[in-house]
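Engineer: I have a structure I would like to understand better, so I am pasting it below and will then ask my questions one at a time.
The values are calculated or read from the model by the stated rules, or taken from the named source; none is laboratory data. Predicted model, so just to flag it, every value in this text is computed and none were measured. Glycine also receives a Cβ, built like all others from the backbone with ideal geometry; neighbour counts cover every protein chain displayed.
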Protein chains: 2
Amino acid sequence: MTGKTGLRIGIDVGGTALKAGLTDGEGAVLCTRQRPFDGPCGPERFAQLLAELARQVLEDGGAAMEAVEAVGIGIPGAVAGGRVLYACNIALRDVPLEALFRRRLDLPVYLGNDADCAAAGEYRCGTGRGCRDFVAVTLGTGVGAGLILNGRIYAGLGAAGEAGHMVTHPGGIPCTCGRRGCWEQYASAPALVRMAHLAERSRLDAGLPSPERSGPLTDGRAVFEAARRGDPAAKEACARYVEELALGITNLINLLHPEKLALGGGISQAPDELLLLPLRKLTARACYGRHCGKTTELVRAELGNRAGLVGAALLKDVS
Amino acid sequence: MTGKTGLRIGIDVGGTALKAGLTDGEGAVLCTRQRPFDGPCGPERFAQLLAELARQVLEDGGAAMEAVEAVGIGIPGAVAGGRVLYACNIALRDVPLEALFRRRLDLPVYLGNDADCAAAGEYRCGTGRGCRDFVAVTLGTGVGAGLILNGRIYAGLGAAGEAGHMVTHPGGIPCTCGRRGCWEQYASAPALVRMAHLAERSRLDAGLPSPERSGPLTDGRAVFEAARRGDPAAKEACARYVEELALGITNLINLLHPEKLALGGGISQAPDELLLLPLRKLTARACYGRHCGKTTELVRAELGNRAGLVGAALLKDVS
């Protein structure tokens, strides 16, 4: 049994898996545990799954319950005051998760939105270290942002940071949120794939040759990979995608003017010359802050998949 | 001579006038002084004008310099660390205004952006009282926002809250900031006037009759007044304008999810049935927060022209 105290448990609730990690007070991961999770299962069962996973990771780490200072849970939805207000994909609405969890495992519980947890992880242990104001944008199936303002997670009434649901194309593509033309519909991984298919279709319609490919352009990685090899449709799509990304990122910077803005999620793994470098160029000439000589630094997130778990573990310190 | 202590001086730097006010520590205005101001005059002269005005308002109020706790100055531009980083209309760039002012009048000086000062005024003495997170949007010649987050002005690196320079129509109307399609080009008073002229032109082109009017539609007030009387082109323009307003307001709410968002500036004086009521309807069905049952309250600002001056006077407490 480890003699450490001040330990944390972070739990990351994802679309297909629940991940838990035991960390020290600085976010260093001591051990992790994962189990499959296929979404809606009711509040009681959900709390039960989380508590079991927390117990397991404690056992794996050889730690006593008394050594744990806090459990943090990252939820794909809005949270406030120990409650899950709304989490669409796991079908929870106004659930007193803190209380349900503590009935099974009586430890101090902190709830956070998953994008906020990712931002908190990067802020404490990744590229956001040392910033006062820091924004982490996650580019994946959807687009979300976590806001660290004045060194704390900023959530407003519970659902702040819904950057993906800022409309950038009025009357545009319908979004799951009910609006049309949300940024998410132009800056997510599926949007990039859609742009690649459209570019390919126009090339075919124009009678242009289709290059040989090692596989179909079914995900963001494949599109970037094809573009890197010179595939014209993929290159066109990447250029268009970066423009859409720059549009929303510039909007965010003009509103929040943080020291750093980090890109995370699957898309952020793209080669610099296809993503980060052209993005920096486009935002540098559009951001309002250029007038006053204070520029938000655009960087790639550092922690990858672990950001959410680490951030959840450290929620106590940044909430 | 008043026996009060803990007094404040607030100075509001506008496009055509400098206004100063002496207030108590709660923002109650004891007396004001105003002088014309026609913009660029150089840093030294600018500081001189401000210091003179502060002295005059002290004299008017019969207050001793020792009774003044702080001077706050609201600047139409970005400020940070006692410096004006950038103020386009008064042609200041990286000016150490705090130092220049104190050389003439040695009192503690706080600088704020003008939209932030308006928000601070409403937050402490107007419709934002009691909120933790509060946004004030000013709709006038331009569009700006002041953000009070966690009870403090949030300015990021100095230029946060530039909501008017969030692009809502990519490739749209060119903006003074260098982008195209900024929200300001669709939600400012000149935008409303433009929409009225366009609506009138289409009606004329379609051979529809032009109603008699008491005067031309040259400002926001005239358009709302004509719409109130049933003028079809003005009504059409107001409806279009409210849609554009709702688009940006919803974006702001989805990003910041504050308790309240207040509309200020000349446009906010419009009749409720033409502005606030349809705006509430449109945002209510678009805001992401509706899913979690926590709704940002949309209200009209209460302090009118005085918000900036009062907020400047109270900068010390909300910076």
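Engineer: Only residues that are part of a helix (DSSP H, G or I) and surrounded by fewer than 21 Cβ atoms within 10 Å (Cβ to Cβ): list them for segment A:30-50, please.
Structural biologist: Those that are part of a helix (DSSP H, G or I) and surrounded by fewer than 21 Cβ atoms within 10 Å (Cβ to Cβ): A:Pro43, A:Glu44, A:Arg45, A:Gln48, A:Leu49.
Engineer: Please go through segment A:201-232 and give me each residue that is surrounded by 16 or more Cβ atoms within 10 Å (Cβ to Cβ), free of Cβ contacts under 8 Å to residues at least 40 places away in the same chain and among the small types (Gly, Ala, Ser), ordered by number.
Structural biologist: Of everything in segment A:201-232, those that are surrounded by 16 or more Cβ atoms within 10 Å (Cβ to Cβ), free of Cβ contacts under 8 Å to residues at least 40 places away in the same chain and among the small types (Gly, Ala, Ser) turn out to be A:Ala222, A:Ala226.
Engineer: Within the group A:Ala136, A:Ala70, which residue is assigned to a strand (DSSP E or B), within 14 Å of the chain's Cα centre (by Cα) and among the small types (Gly, Ala, Ser)?
Structural biologist: From the options A:Ala136, A:Ala70, the qualifying one is A:Ala136.
Engineer: Right, next: Would you please list the contacts, defined by Cβ atoms under 7 Å and residues six or more apart or on different chains, that run from a residue in segment B:253-265 that is not assigned by TED's automatic domain parsing to the domain that holds B:Tyr288 to a residue that is surrounded by fewer than 24 Cβ atoms within 10 Å (Cβ to Cβ)?
Structural biologist: none
Engineer: I'd like to check something: does segment A:70-82 contain any residue that is within 12 Å of another protein chain (Cβ to nearest Cβ) and surrounded by fewer than 21 Cβ atoms within 10 Å (Cβ to Cβ)?
Structural biologist: Yes: one or more hits.
Engineer: Would you check which residues across segment B:156-190 are of a type in the set (A, V, I, L, M), touching a residue at least 24 places away in the same chain (Cβ under 8 Å) and either surrounded by 24 or more Cβ atoms within 10 Å (Cβ to Cβ) or at positive phi (or both) and list them?
Structural biologist: Selection gives B:Ala159, B:Ala163, B:Met166, B:Ala187.
Engineer: Turning to a different aspect of this structure: So A:Ile253 ticks every box in (1) under 23 Å from B:His169 (Cα atoms); (2) surrounded by fewer than 20 Cβ atoms within 10 Å (Cβ to Cβ) but one. Which box is left unticked?
Structural biologist: All conditions are met except number (2).
Engineer: Across segment B:270-291, which residue is surrounded by the most Cβ atoms within 10 Å (Cβ to Cβ) among those that are more than 14 Å from every other protein chain (Cβ to nearest Cβ) and hydrophobic (A, V, I, L, M, F, W, C)?
Structural biologist: Applying the filter and picking the extreme gives B:Ala270.
Engineer: Can you tell me which residue within segment B:94-124, out of those that are within 14 Å of chain A (Cβ to nearest Cβ) and buried (at least 16 other Cβ atoms within 10 Å of the Cβ), is farthest from B:Glu302 (Cα to Cα)?
Structural biologist: Once the filter is applied, the top-ranked residue is B:Val95.
Engineer: Pull up segment B:139-155, narrow it to residues that are assigned to a loop (DSSP other than H, G, I, E, B) and within 8 Å of chain A (Cβ to nearest Cβ), then point me to the one that is surrounded by the fewest Cβ atoms within 10 Å (Cβ to Cβ).
Structural biologist: B:Asn150
Engineer: Something else about it: Confirm whether B:Val135 is within 9 Å of chain A (Cβ to nearest Cβ) and in contact with a strand residue (DSSP E or B) (Cβ under 7 Å, 6 or more places away or on another chain).
Structural biologist: It is false that B:Val135 is within 9 Å of chain A (Cβ to nearest Cβ) and in contact with a strand residue (DSSP E or B) (Cβ under 7 Å, 6 or more places away or on another chain).
Here is a yes/no grid of residues against (1) out of contact with any Cys (no Cβ under 7 Å at 6 or more places or on another chain); (2) among the hydrophobic types (A, V, I, L, M, F, W, C); (3) facing chain A (nearest Cβ under 10 Å):
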| site | (1), (2), (3) |
| --- | --- |
| B:Arg179 | yes, no, yes |
| B:Leu192 | yes, yes, no |
| B:Pro232 | yes, no, no |
| B:Leu261 | yes, yes, no |
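Engineer: Follow-up. Condition first: within 14 Å of chain A (Cβ to nearest Cβ) and either surrounded by fewer than 20 Cβ atoms within 10 Å (Cβ to Cβ) or outside any helix (DSSP H, G or I) (or both). Now tell me which residues in segment B:292-319 satisfy that. Step through it out loud before you land on a result.
Structural biologist: First, pick out the residues of segment B:292-319 that are within 14 Å of chain A (Cβ to nearest Cβ): B:292-298, B:318-319.
The answer is B:Gly293, B:Lys294, B:Thr295, B:Thr296, B:Glu297, B:Leu298, B:Ser319.
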